[in-house]
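Some notes on the structure that comes next.
The values are calculated or read from the model by the stated rules, or taken from the named source; none is laboratory data. This structure is a prediction, so every number in the text was calculated from the model and none was measured. Using ideal geometry, Cβ is built from the backbone for each residue, glycine included, and neighbour counts are taken over all protein chains shown. Note: areas computed on protein heavy atoms with side chains; ligands, DNA, RNA excluded. Shrake-Rupley method; radii C 1.70, N 1.55, O 1.52, S 1.80 Å.
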Amino acid sequence: MTTAETALMDTPWIIWVVFGPVTGAIIAFLWPKRASLLGCFAALVTAGSVLLLVWHIAEFGPQRYLIGGWDAPLGINLYIDGLSATMLLTTALVGAGVTVYATAYFEQTTETDRFFWPLWLLLWAAMNALFLSADVFNLYVTLELVGLAAVALVALAGSRDALAGAMRYLLVSLLGSLTYLLGVALFYGDHGTLDIGLLGELVTPAPADWMATGLMVAGLLIKTALFPLHFWLPPAHAAAPAPVSALLSALVVKASFYLLLRLWLEVFFPGTTPNLGQLIGALGVLAILWGSLQAFCQTRLKLLIAYSTVAQLGYLFLAFPLASTPAATTAWNGTVLFILSHALAKTAMFLAAGNVLRAIGHDRMVDLARGATGLPLNWATFGIAAISIIGLPPSAGFTAKWLLLQASFASGQWWLVIPVAGGGLLAAGYMFKVLSLAFVQNQSSTAGTRIPKRMEWTALGFALGALAMGFLAPSVLDLLDRGAPFQTFSPGGVL
Amino acid sequence: MTPAILYAITGIGLFVLGVHALTRRAHLLNKIIALNIMGSGIFLVFGALAYRTPNGVSDPVPHAMVITGIVVAISATAVALTLMLRLQSKTGAAELPEQSPE
């Protein structure tokens, strides 16, 4: 082994994936004239560190890192297994692409445009830290950091809608994280530890633990916008600048979902969760129905895509009723694959919508047909991303839904088959409503403003990525299995 | 009832009071203060937990958490107040506009 290889092996990349973007954020904030360039450089370093870290996990298995050499309870532990690695990788893929898009989108040199870079890098650092944290209080801090950075990014647009959306988002987000924090306090009071692994061994079906579980789940459901707690999501996601909308829908809601999933797998007492799991699953079904119907009724393109996010988030919760059955691993695999495919497809859609907005100046669907002829590449993007959202083969959306169907058949929970299959039809309904605009023959078509090629190609890249992910699914599932994050529940289960 | 339990129950009471004001009051300043009261309630619970050790020496971990929590709460309040002022200068009222159906 050469020295270069040893250096690659020994560098604590787990630190760099957080330290890199934080440093970038601070420098970009202090040196606004070069913010865009610095942002690109920091994104490159971060994405590179994530790739090296993920490679490390794929090769050598899960890793625990004690910051400053201090072990729990005093020190902060970082832990990464296949689940964290997949989330980090998803974030890096979307993050790198959106960074490229943002260099073209924020070409003007106004003050608000420059603030995008420090805020986005801060958001990236916070999300990476969230995926790596191994204690419930540190997770609270990262959750708040993600929320604050996301709110500030929404407010960047500066319009009345954006400010109101950001304010509502902030209030709801704080309500969610404080509810979560009260749960943390109750857990600590009972067991005297914050470490996820240790808590998992100590939690019992006592009333105090039940209450703590309930509070933490409720707080995280608010932040993940599960129906009926979704009301804050569409205005915030639709009013934000296009790259921000993409980041919020693709990544930020998934961060709190990841946290819920992690706690569900490792901390919450299995005996108390099956009923709660059924309830969450039922809410997921309602989210698919309500979100799809609302999406269909929207008259603005970005709001339609945002409601589609509400619907698609419903799918993530369908695995919870299956969590204590032998089919759990298949269900969770499907769920995480769904996170990845939805992240790519939804980024493509929001970026494409951003292009429409830039070219035509508005996103009212009635008038979109008039400008549609000028953006052939953009409509192709939309169409390809729709394949993944609807869940047609060979997209990753299809593979994810297939795994969910398989798990519901295997566990005998037939009722879940209907929303998984029916949700695809509903999605097809609202997606074809958009796509039909592209085929309207219109003589009086206006060309609209020319948009940078980079913006069109990044959006298309994401759409193609969502499609290609269907072929890469086996490698993703292989990475996901490192450290066997889903094994804790599957054998036998407690029903 | 030990003092620690009394403090913890008071803390949870403050939290509930905060949730009530957050959902019922329209003015944004009220909502922001409500969130701070919720936070203080949780910190009080943490304080009570620190006192509840068998040997009578207080547990430093909840203290550390409260200090971190206060830093987070201040940052969040600062963001919220800034947003409130921006919103007020745009709409003329420090209240959330009704969600338009469009």
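Ranking A:314, A:353, A:392 by Cα position along the charge dipole of the stretch A:270-495, where only Lys, Arg, Asp and Glu carry charges on their C-beta atoms, puts A:353 farthest toward the positive end. A protection proxy built from the mean count of other Cβ atoms within 10 Å ranks the segments B:74-82, A:278-286, A:183-191, most packed first, as A:183-191, A:278-286, B:74-82. Peptide B:61-68 is shielded by partner chain Cβ atoms: per residue, an average of 4 of them sit within 10 Å of its Cβ.
With contacts taken as Cα pairs under 8 Å and at least 6 residues apart, chain A reaches a relative contact order of 16 percent. Straight Cα distances below 27 angstrom link residue A:453 to the lysines A:33, A:302, A:346, A:433, with same-chain residues fewer than 8 positions distant left out.
Probing with 1.4 Å while keeping every protein chain in the model, the per residue accessible area of the stretch B:3-91 equals 53 Å². Placing pseudo-labels 7 Å out from each Cα toward the beta carbon at residue A:208 and residue A:471 gives an inter-label distance of 5.6 nm.
For residue A:435 and residue B:75, what is the calculated FRET efficiency with R₀ set at 41 Å and r taken between the beta-carbons, to the nearest 0.05? With R0 = 41 Å, the Cβ-Cβ based efficiency is 0.40.
When the helices of the protein assembly as shown are scored as -39500 (n - 2.57) per DSSP H run of n ≥ 4 and the total is divided over every residue, the value at 222 nm lands at -25000 deg cm²/dmol.
In terms of the mean number of neighbouring beta-carbon atoms within 10 Å, the peptides A:350-356, A:126-132 order highest first as A:350-356, A:126-132.
Contact residues in the stretch A:138-165 by the 50 Å² criterion (accessible area, 1.4 Å probe, full protein complex versus chain alone): A:148, A:160, A:163.
From the Kirkwood radius over Cα pairs of the stretch B:3-91, Stokes-Einstein at 25 °C and 0.890 mPa s returns a whole-number translational diffusion coefficient of 173 µm²/s. When only alpha carbons are used to place a centre, the stretch A:190-213 and the stretch A:309-384 end up 36 Å from one another. Calculated translational diffusion coefficient of the stretch B:22-63 (37 °C, 0.692 mPa s; Stokes-Einstein with Kirkwood radius over alpha-carbon pairs) equals 277 µm²/s. Rounded to the nearest 20 debye, the dipole magnitude of chain B is 120 debye, with +1 charges on Lys and Arg beta carbons, -1 on Asp and Glu beta carbons, and the Cα centre as origin. When the accessible areas of A alone and B alone are added and the area of the pair subtracted, with a 1.4 Å probe, the result is around 3300 Å², both sides summed. Taking Lys and Arg as +1 and Asp and Glu as -1, the other residues whose beta-carbon sits under 13 Å from that of residue B:52 total -2. Every Cα-Cα pair of the protein assembly as shown was included, and the share exceeding 44 Å stands at 14 percent.
In terms of the Cα gyration tensor, with a ≥ b ≥ c the square roots of its eigenvalues, is the stretch A:13-269 rounded because a/c is under 1.5, prolate because a/b exceeds b/c, or oblate? The shape class here is oblate.
A Cβ-based charge dipole, computed about the Cα centre of the protein assembly as shown with Lys and Arg at +1 and Asp and Glu at -1, lands at about 1680 debye. Estimated at 0.36 nm per residue, the fully extended path between residue B:53 and residue B:16 surpasses their Cα-Cα distance by 10.7 nm. For the stretch A:254-301 versus the stretch B:4-64, the inter-centroid distance based on Cα atoms is 28 Å.
Once both labels are positioned 7 Å from their Cα atoms along Cα-to-Cβ, the gap between residue A:37 and residue A:6 label points is 3.7 nm. The mean number of Cβ atoms from other chains found within 10 Å of a Cβ in peptide B:17-25 is 1, as a whole number. Computed over protein heavy atoms with a 1.4 Å probe, the accessible surface of chain A works out to 35 Å² per residue. Just the protein heavy atoms count here, and of the accessible area of the protein assembly as shown at 1.4 Å, carbon and sulfur take up 68 percent. Of the residues A:451, A:32, B:3, the one whose Cα sits farthest towards the positive end of the charge dipole of the protein assembly as shown is A:451 (charges of +1 on Lys and Arg Cβ, -1 on Asp and Glu Cβ, taken about the Cα centre). For q = 0.09, 0.19, 0.22 Å⁻¹, what log10 I(q)/I(0) does the stretch A:159-284 give under the Debye formula with an equal point scatterer on each alpha carbon and no solvent? Calculated log10 I(q)/I(0) at the listed q: -0.29, -1.01, -1.23.
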